[in-house]
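Heads up: the structure comes next, in structure tokens.
The values are calculated or read from the model by the stated rules, or taken from the named source; none is laboratory data. Since we're looking at a predicted model, the values are computed, not measured. Don't worry about glycine lacking a Cβ; one is built from the backbone with ideal geometry, like all the others, and counts go over all protein chains shown.
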Amino acid sequence: MCKITTKLLVACTFLGMMSCSSVNKVNADFTPTDYVNPFIGASTSVGAAGVYHGLGKTFPGATTPYGMVQVSPNTITGGDNGSGYSDEHKTIEGFAFTQMSGVGWFGDLGNFLVMPTTGELHKIAGKEDNSIQGYRSAYDKATEFAKAGYYSVELTDYNIKVESSATPHCGILRFTFPSNEQSRIQVDLARRVGGTSTSQYIKVIDDYTIQGWMKCTPDGGGWGNGEGKADYTVYFYAQFNKPLNNYGFWSADIPDDWVRKRDEVVSVPYLTRVSESPVIRDKKELEGKHLGFFTEFPTKEGDDVELKVGISFVDMEGAANNFKQEIASKSFEQVRQEANALWNRELSRIRISGGTEDEKIVFYTSLYHTMIDPRIYTDVDGRYVGEIRKCMRVTVNLLSVLYLAVGMYSVVSSLYRPLSIRV
């Protein structure tokens, strides 16, 4: 059994009391999300920080308070990059639906990596320096925008705008395409921060929908490069708003004796093996060691294509039910507005006055980060994996709470202008 220190329990008790307290009535014009900047802390760069420990390692993408799903850009797979994103990176390799926040030790999650592309199909992300070509794209930093529950950016290699938002158990991506005869959305089912999922399954269940799972074990690296013993399966139910008239899979045959951890899966031999994997078009379901899926379609300038995804850590039925209960009938704008409203409700539990605009941004962004972990693990019907076999799931969340709560306290206590705080 995992031992939890008294300090961690105190931190959790404090946040639990805060979340359970009644929300004070606020003025209609009070929107604390205006003071949230998700880019604060979104770096894993030792060079930029000048230190090895103490980096933010947060993500800028969309999530909801304590949400299971986080739809965020990922810029890197290997190395000590817990959130899969770092601000100084110049390319994006995709948009994943699960993220860690504020942790090191090589990180984990980063599952169900989605990328919109045009032209030639690439089955690997490739290298940022373009020494190995892939589906990753440069992006225009000036167009990158994030606030609580929403993220957007323009991918310059493809001239595609990407937007994301989320519900507690689901995520949504909206792609605005250029005119192209061969536009595409592709999903790398094997990808995982700090390694790879070791086996995957996918099935096309109708003209718009796919479902399946990705099994992540210590053999695939992840948390602590496998030393954290993270063992979980991510189930998905995904629906496109454009019919699957021209789709396919790729499946790489990975030898049983190959190591499949953080350094190995970005090595030249591994990337070469995946890039040479065959394209399969005559099947509706597939199981394998390194799978990908794509759907192709022509687009006119400004065409919007949406992808909604339900996630579960229980089973495929749970992912489908989460999808149907939370996002099936909602538009992108509705999801975005509801996510923003959820954040305003939670962040409004603490009101501050005084201080500068920058100090308010630091305060509410710190509060925002405390509400990413601990996160929902149950499905909408209340089911969850009953045996939490590895301490990582508990310890990471509680440490995140403790670190960010302490950071929030430090911010408040160090402000040179007095703030009035009301809970």
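Details
- Residue among ASP207, ASP231, ASP257, ASP282 that alone is among the acidic types (Asp, Glu), in contact (Cβ under 8 Å) with a residue 24 or more places away in the chain and more than 24 Å from ARG174 (Cβ to Cβ): ASP231
- Of the residues LEU271, LEU307, the single one that is closer than 28 Å to ASN81 by Cβ and in contact with a Leu (Cβ under 9 Å, 6 or more places away or on another chain) is LEU307.
- Some residue of segment 191-210 being in contact with a Ser or Thr (Cβ under 6 Å, 6 or more places away or on another chain), buried (at least 20 other Cβ atoms within 10 Å of the Cβ), modelled with pLDDT of 95 or more and among the aliphatic types (A, V, I, L, M): no
- Picking from residues in segment 91-102 that are surrounded by 23 or more Cβ atoms within 10 Å (Cβ to Cβ) and under 17 Å from ALA138 (Cβ atoms), the one that is nearest to the chain's Cα centre (by Cα) is PHE95.
- Only listed residue being closer than 24 Å to GLY222 by Cα, of a type in the set (Asp, Glu) and surrounded by fewer than 19 Cβ atoms within 10 Å (Cβ to Cβ), chosen from ASP282, ASP303, ASP253: ASP253
- Candidate set from segment 157-197 (those that are among the β-branched types (Val, Ile, Thr) and more than 18 Å from the chain's Cα centre (by Cα)); member that is nearest to GLY84 (Cα to Cα): ILE160
- Counting residues in segment 265-281 that are part of a loop (DSSP other than H, G, I, E, B), closer than 24 Å to GLY107 by Cβ and either out of contact with any strand residue (DSSP E or B) (no Cβ under 8 Å at 6 or more places or on another chain) or among the aromatic types (Phe, Trp, Tyr) (or both) gives one or more.
- Search result, residues across segment 234-254 that are in contact (Cβ under 8 Å) with a residue 60 or more places away in the chain and in a strand (DSSP E or B): VAL234, TYR235, PHE236, TYR237, ALA238, GLN239, PHE240, TRP250
- The numbered conditions (1) outside any loop (DSSP other than H, G, I, E, B); (2) closer than 28 Å to TYR201 by Cβ are all true for TYR85 except (1).
- The single condition among (1) in contact with an Asp or Glu (Cβ under 7 Å, 6 or more places away or on another chain); (2) small (Gly, Ala, Ser); (3) modelled with pLDDT under 90 that ALA49 does not meet is (1).
- Residue match in segment 128-148 (condition: crowded, with 23+ Cβ neighbours inside 10 Å, within 16 Å of the chain's Cα centre (by Cα) and closer than 30 Å to ALA230 by Cα): yes
- Being of a type outside the set (Lys, Arg) and either surrounded by fewer than 21 Cβ atoms within 10 Å (Cβ to Cβ) or closer than 16 Å to ARG336 by Cα (or both) is a property that does not hold for ILE160.
- For segment 314-331, taking the residues that are surrounded by fewer than 20 Cβ atoms within 10 Å (Cβ to Cβ) and polar (S, T, N, Q), the one that is farthest from GLY386 (Cα to Cα) is identified as SER331.
- Residues in segment 294-320 that are within 20 Å of the chain's Cα centre (by Cα) and either assigned to a helix (DSSP H, G or I) or modelled with pLDDT under 95 (or both): MET316, GLY318, ALA319, ALA320.
- In segment 103-121, the residues that are at negative phi and either surrounded by fewer than 20 Cβ atoms within 10 Å (Cβ to Cβ) or in contact with a Lys or Arg (Cβ under 8 Å, 6 or more places away or on another chain) (or both): VAL103, GLY104, ASP108, ASN111, LEU113, MET115, PRO116, THR117, THR118, GLU120, LEU121
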